[in-house]
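Taken together, the values in this text are just the output of simple stated rules run on the coordinates, not laboratory data. Here the structure is a predicted model, which means the values were calculated and not measured. Glycine also receives a Cβ, built like all others from the backbone with ideal geometry; neighbour counts cover every protein chain displayed.
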Amino acid sequence: MRSALKLNSHGFQIPPAAHAAPLYYTVSSLHPLSSLPPSPSFPQILQTHAQLVALGLAASRAAMGHLLAACGLSPSPPIPYIQSVYRQIERPNVFAANNFLRCLARGESPRQSLVFFSNMRTSCVPSNKYTFPFLLQACSRDPRLFEGAQVHACAVKLGFSQGLHTRNALISFYSACNKLSESKKIFDECSNCRDVVSWNALLAGFVRDSQIDAAEKMFDEMPERDAISWSTMIMGYSQNGILEKGLDLFREMVGRGLEVNEATLVTVLSSSAQLGLLEHGRFVHSIVKSCRFPMTMALGTALVDMYAKCGCIELSSHVFDEMPKRDVFVWNSMIFGMASHGRGKEALNLFQRFIDEGLHPTNVTFVGVLNACSRAGLVDEGRRYFEAMVRDYGIEPETEHYGCMVDLFGRAGLVHEALELIEGMSIPPDPVLWGTLLGACKMHGLVQLGIMIGKRLIELEPGHDGHYVLLASLYAKASQWKNVIEVRKLMSIQGTNKVAGWSLIEAHGKVHKFLANDLVHKGSLKIYKTLEMIEERIVEAGYLANVSQVLHDIEDEEKVHAVKVHSERLAIAYGLMIVELGLPIRIIKNLRVCADCHEFSKMVSKVFGREIVVRDGSRFHHFKDGICSCLDYW
């Protein structure tokens, strides 16, 4: 009785580096090699090697060649061990040499495979059609155009360039080197000599080069699509910021019964997190559970991040606590999540647990810690951690750390201390830091200092709309309307337009987007009637409009009308219409919530007894019973 084990190299991560030919070897069912699993661990390989030695097969060219083939399927064998196995083979044949090449190509220094191939040639070890895909894989992993072109030339010279697997490897190699014209040329040369791997290799090239339109066209034209095709296209949408299309394609992929891999799941969880779409994120989590994916670090981190960014910090914390193992990336995600929800004390407690478990914080960890202090107004704690970062952990402050401290001081009204920090920085301050300080000047009414900083910022970044808006708001605060008009004129001359505010609400599997004064939504008539009803109810309860941020010299009555039609109000009104009682109304905003809409949301939560969760450009706001989780500190 004989057992055939297939060595298949078609499962490389997307984007594929190369697609090598399958190799086969056949051994007796009683042979130690026959008991190895499809992807053996290094300890399993060592155990099998010991059995071969005990059977007196340590010098067998066939047995050692098969052992090398098993190493080629293992995720972890060290290269020195593989080299020692190869050296034991007297007069190695092409089968052993190819499997050794494969191991080198997958190792930490893939270029070693090129050196070995050169030795193969001088030692008269023959090549065959399986040799070149492994070499090209090595050249693709650390893209080396010159060496890969030499391999291509050698394959042509020896007559192996027209094989399907070599052609697929060439398509992948040239696309990895950003030579898509060469990839497409090889792809087009022989329409009868290509398979789904050929199409996937070129598709991945278009995605890598951000040619998303070309990738879409190719995806639509593919005669056959496998799970890798779908995953590549989903990742392409994600990498190019077309997140909703990627999520829709994932749903279609799952609906067709195709198997998903971990990389795709992490990608769509990241897209759900960026968009704040909880229903999409929960759908992906349900796939993880139904397919019984192991909770790896990457998957767990993606889930923690998704739930935190979708406003469900409790679910995020639950996933975090249930993970069997946690690395620094998972801890960072959880600390950042707590910080964004204003749970500063809990974030700092998490950091202490992190330290108690013997883990070493990174510069990113301290960005999360300092951010938590800033969001919760923990000034003394922020100072202490900023000093400890340098003193205890040898981490030099970077722009992000200074940004957190400037924000911390600025929010707490310590604007001049923030200014001193910026002026004493060991690295040049960037416009973001000055912009943070400008926002603090606006918040605390430091008009003259703010005007000085605003003018400086416009000189530094004349194309940034936010600087003009903040400077204009300072002039408006001082009732200097002529200067407001001048800033608007300057903004127009520079061709800079204020970013339009929008709000998203997800309900029943659909995403609804609103702009200020929006009339596009098909339910606009009902939405505005609902909004009028809301206004009447909250005014009766004591609501007064805050029009201080309206940057126009107009009557207060007109200003009240201007704030009435902000995008989040339309989204909240729609939420009251369609979101079931007992469920939170979840809103995603691209800009920071204004003071009046913040008060409006608090009043709605109190009068209508509804929980409202808003993720704005700065943080999360959980409105309930007339109170916001930020305690009006944002």
| Which ³J(HN,Hα) values, rounded to whole Hz and listed in residue order, are derived for region 94-99 from phi using the Karplus coefficients 6.51, -1.76 and 1.60 in 6.51 cos²θ - 1.76 cosθ + 1.60 with θ = phi - 60°, glycine and proline given as x? | 5, 4, 5, 5, 5, 5
| Using θ = phi - 60° and the Karplus curve 6.51 cos²θ - 1.76 cosθ + 1.60, what whole-Hz ³J(HN,Hα) does each residue of region 396-407 get, with Gly and Pro shown as x? | 6, x, 10, 3, 5, 5, 4, x, 5, 5, 4, 5
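Run the numbers for residue 213 and residue 595: contour at 0.36 nm per residue of separation, minus the present Cα-Cα distance, in nm.
133.4 nm
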| Karplus (6.51, -1.76, 1.60) ³J(HN,Hα), θ = phi - 60°, over region 438-445, in Hz, Gly and Pro reported as x | 4, x, 5, 4, 5, 4, 9, x
| query | Which of the trypsin sites (Lys or Arg not before Pro) found in region 445-514 are loop residues per DSSP with 15 or fewer other Cβ atoms within 10 Å of their Cβ? | reply | 498
| said: Between residue 220 and residue 456, what is 0.36 nm times their sequence separation minus the Cα-Cα distance? Round to one decimal in nm. | reply: 79.9 nm
| Estimated dipole of region 224-325 in Debye, rounded to 20 [Cβ of Lys and Arg +1, of Asp and Glu -1, Cα centre] | 40 debye
| Distance between region 190-243 and region 517-547 - C-alpha centres, whole angstrom | 46 Å
| remark: Ranking 500, 267, 215 by how far each Cα lies towards the positive end of the charge dipole of the chain (+1 on Lys and Arg Cβ, -1 on Asp and Glu Cβ), the top one is 215
| Out of region 82-173, which GluC sites (Glu not before Pro) are coil in DSSP terms and have no more than 10 other C-beta atoms within 10 Å? | 90, 108
| Relative contact order (percent) for region 155-261, with alpha-carbon contacts under 8 angstrom and 6 or more residues of separation? | 19 percent
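When a footprinting reagent is the concern and you count Cβ atoms within 10 Å, what order do 343, 111, 256 take, fewest first?
Listing 343, 111, 256 from fewest to most nearby Cβ atoms yields 256, 111, 343.
Can you pull out the GluC sites (Glu not before Pro) in region 181-251 whose DSSP state is coil and whose Cβ has at most 14 other Cβ atoms within 10 Å?
Those that pass, being in a loop and sparsely packed, are 224.
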| remark: Whole-Å distance linking the alpha carbon centroid of region 263-290 with that of region 601-634 is 25 Å
| task | Quote the charge dipole size of the chain about the Cα centre in Debye, to the nearest 20; the model charges only the Cβ of Lys and Arg (+1) and of Asp and Glu (-1). | result | 2040 debye
| remark: Quick shape check on region 1-225: root eigenvalues a ≥ b ≥ c of the Cα gyration tensor, a/c under 1.5 is rounded, otherwise prolate if a/b tops b/c, else oblate, and it reads prolate
| field | Within the chain, helix-based [θ] at 222 nm, where runs of 4 or more DSSP H residues each add -39,500 (n - 2.57), nearest 500 | value | -19000 deg cm²/dmol
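Using a Förster radius of 25 Å, what is the FRET efficiency between residue 51 and residue 128 based on their Cβ-Cβ separation? Nearest 0.05, please.
After rounding, the FRET efficiency stands at 0.25.
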| message | If amide hydrogens are placed 1.01 Å from N in the peptide plane, which non-local residues have theirs closer than 5 Å to the one on residue 587? | response | 613, 614, 615
| Separation of the residue 239 and residue 489 label points, Cα + 7 Å toward Cβ, nm | 4.8 nm
| request: Sort out for me the Cα centre separation of region 567-586 from region 417-477, rounded to whole Å. | output: 35 Å
| message | Among 598-610, 352-364, how do they line up by average Cβ neighbours within 10 Å per residue, starting with the highest? | response | 598-610, 352-364
